[in-house]
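Novice: Just passing along the structure, written as structure tokens.
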Amino acid sequence: MNMLASMNANPIDELINGLVEAPALRRETLDGSFWHLVSLNRGELSPFFVLAPESLIGNFFDPTVDCWQVVNGRLCFSDQNGIPSVVFNVANMDGDKPKVLAGRGRIGGVSDIYLLIAADHPAHPLFQPGATANAGIQFLEQPSDGPRRPNLVVVPANSKSLHPHWFEGLQEDTRNWDLCVGYYGQEMPIVSSPFEYLVHLPKRKKFQLLSDLFFEASPLWNYDYIWLPDDDLLCNGIDVNRLFHLVRKFGLDLSQPSLVDGPNSFPNHPITLQRPASILRYEGFIEIMCPLFSQRALKICAGSMKDVESGYGLDHLWPSFLGRPFSRMGIIDAVAVAHTRPIGATYNVGAAIAEQAALFRSYDYTPLQFDGVR
């Protein structure tokens, strides 16, 4: 039976209306894109399916869908032996971007017609959109257009923030990072450190604030690597410079510094404790306290931060979205920061755990267990 004819006999007609033979697609158009994965006969297989960097599949793990590639202008899935499992040869296009792709193949041992339907991050399952809702915010200060440093630190901060210590040991001409301060205190911000960007978003939680800052046209996207630390971390400027240097040297997409194991430091997870004999450890878990993203990785993960209260669970979701790129994820032991505030000091841990469970359900995510992660 003709594939289009068989699909048009199905109740999901409204999703596939307008499917025609797909034009030649380019990898750049698909890289980092989000989809619903649907089986014609079995229904939805994944509500958030990512064509992740370096040919990885994000948030859907099956040996018959081990990687993706574009071959002769067609999107193809390949199994763990490199054999094509699905070839998408029809499409519904919106300009040069596909809204729906469809093809025949085999996933999970089942031959069927499979559809990719353009998607976005699901709405937060517990909380309504905030007032700014990623519409764009006004910076109180920002640099004029022109040359800038290649790396960016974005810190949600109040009057007690420790980030002024992050400049110790550096001069303006030796610093390899710019700073954005997202001030969440109710009072008008007074910042006792250099900065390139300043915004006032009173009473916003960390990830709500970060989501507000990284709107589509934000100037903060104009950086190669972006660090998102809490404001209660203690380190110096040499540490921050070295952190960016090593992440670039080893080509990491998702990483963090290690945590000081000693007095006045309160690590959340044993896996993050500094190992003095190590420079870098490839690990499958990076915590929400101080994640460092490549630009391409943050573009995939930033939508998960919208409307989040605690951030619990995001550190499990991010590696999944990126296809678990274990050779591009790591904890930097050559740089250690002290976490000066105990876990749960500023939020309800029980409510945070409930939020994590709800987030996992919305992404249809089953968490992995990691040694050293509480």
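The values are calculated or read from the model by the stated rules, or taken from the named source; none is laboratory data. Predicted, not measured: the structure shown is a model, and the values here were computed from it. Here the Cβ is made from the backbone with ideal geometry for all residues, glycine too, and neighbour counts use every protein chain on show. SASA here: full protein model, heavy atoms, side chains in, ligands and nucleic acids out. Shrake-Rupley method; radii C 1.70, N 1.55, O 1.52, S 1.80 Å.
Novice: I want to confirm something. Restricting to the range 128-151 and keeping residues that are farther than 20 Å from ASN222 by Cβ and surrounded by 15 or more Cβ atoms within 10 Å (Cβ to Cβ), which single residue is modelled with the highest pLDDT?
Specialist: So, considering only residues that are farther than 20 Å from ASN222 by Cβ and surrounded by 15 or more Cβ atoms within 10 Å (Cβ to Cβ), the one modelled with the highest pLDDT is GLY130.
Conditions tested, residue by residue: (1) within 22 Å of SER111 (Cα to Cα); (2) over 21 Å from the mean Cα position of the chain (by Cα); (3) among the small types (Gly, Ala, Ser).
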{"position": "LEU30", "(1), (2), (3)": "no, no, no"}
{"position": "ALA52", "(1), (2), (3)": "no, no, yes"}
{"position": "PHE61", "(1), (2), (3)": "yes, no, no"}
{"position": "VAL71", "(1), (2), (3)": "yes, yes, no"}
{"position": "PHE77", "(1), (2), (3)": "yes, yes, no"}
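Novice: Given the condition open to solvent by less than 20 Å² (accessible area, probe 1.4 Å) and either farther than 18 Å from ARG148 by Cβ or under 19 Å from the mean Cα position of the chain (by Cα) (or both), answer yes or no: does some residue in the range 191-199 qualify?
Specialist: No; the residues of the range 191-199 include none that is open to solvent by less than 20 Å² (accessible area, probe 1.4 Å) and either farther than 18 Å from ARG148 by Cβ or under 19 Å from the mean Cα position of the chain (by Cα) (or both).
Novice: Turning to a different aspect of this structure: Can you go through ALA157, ALA123 and tell me which one is open to solvent by less than 20 Å² (accessible area, probe 1.4 Å), within 25 Å of SER304 (Cα to Cα) and touching a residue at least 40 places away in the same chain (Cβ under 8 Å)?
Specialist: ALA157
Novice: Now for a different question. For the range 223-264, how many residues meet the condition of being among the polar types (S, T, N, Q), surrounded by fewer than 21 Cβ atoms within 10 Å (Cβ to Cβ) and not in a loop (DSSP other than H, G, I, E, B)?
Specialist: Total meeting the criteria: 1.
Novice: While we're looking at this one, here's another question. Being touching a strand residue (DSSP E or B) at 6+ places or on another chain (Cβ under 6 Å) and among the β-branched types (Val, Ile, Thr): is that true of VAL70 here?
Specialist: Taking the combined requirement at face value, the residue does not satisfy it.
Novice: Hey, another quick one. When you look at GLY182, is it outside any loop (DSSP other than H, G, I, E, B) and either surrounded by 15 or more Cβ atoms within 10 Å (Cβ to Cβ) or in contact (Cβ under 8 Å) with a residue 24 or more places away in the chain (or both), yes or no?
Specialist: yes
Novice: On to the next question. Having 2 or more residues that are out of contact with any strand residue (DSSP E or B) (no Cβ under 8 Å at 6 or more places or on another chain) and open to solvent by 60 Å² or more (accessible area, probe 1.4 Å) is the bar; report the helices (runs of 4 or more DSSP H) wholly within the range 270-374 that clear it.
Specialist: Passing ranges, in order: 295-301, 349-362.
Novice: Another question, then. What about ARG361, is it basic (Lys, Arg) and closer than 19 Å to PRO291 by Cα?
Specialist: Here the answer is no, as ARG361 does not meet what is asked.
Novice: Right, here's the next one. I'm told CYS67 meets every condition in (1) of a type outside the set (S, T, N, Q); (2) within 30 Å of SER211 (Cα to Cα); (3) in contact with a Gly (Cβ under 8 Å, 6 or more places away or on another chain) except one. Can you identify the failing condition by its number?
Specialist: Against the list (1) of a type outside the set (S, T, N, Q); (2) within 30 Å of SER211 (Cα to Cα); (3) in contact with a Gly (Cβ under 8 Å, 6 or more places away or on another chain), CYS67 comes up short only on (3).
Novice: If you go through the range 163-179, how many residues are more than 22 Å from LEU246 (Cβ to Cβ) and either buried (at least 17 other Cβ atoms within 10 Å of the Cβ) or of a type in the set (Lys, Arg) (or both)?
Specialist: Number of matching residues: 0.
Novice: Which condition from (1) part of a loop (DSSP other than H, G, I, E, B); (2) open to solvent by 20 Å² or more (accessible area, probe 1.4 Å); (3) of a type outside the set (Val, Ile, Thr); (4) farther than 20 Å from LYS306 by Cα is the one that LYS203 breaks?
Specialist: (4)
Yes/no per residue for (1) outside any strand (DSSP E or B); (2) open to solvent by 20 Å² or more (accessible area, probe 1.4 Å); (3) of a type outside the set (A, V, I, L, M, F, W, C):
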{"site": "LEU37", "(1), (2), (3)": "no, no, no"}
{"site": "GLU44", "(1), (2), (3)": "no, yes, yes"}
{"site": "VAL50", "(1), (2), (3)": "no, no, no"}
{"site": "TRP68", "(1), (2), (3)": "no, no, no"}
{"site": "PHE88", "(1), (2), (3)": "no, no, no"}
{"site": "MET93", "(1), (2), (3)": "no, yes, no"}
{"site": "VAL100", "(1), (2), (3)": "no, no, no"}
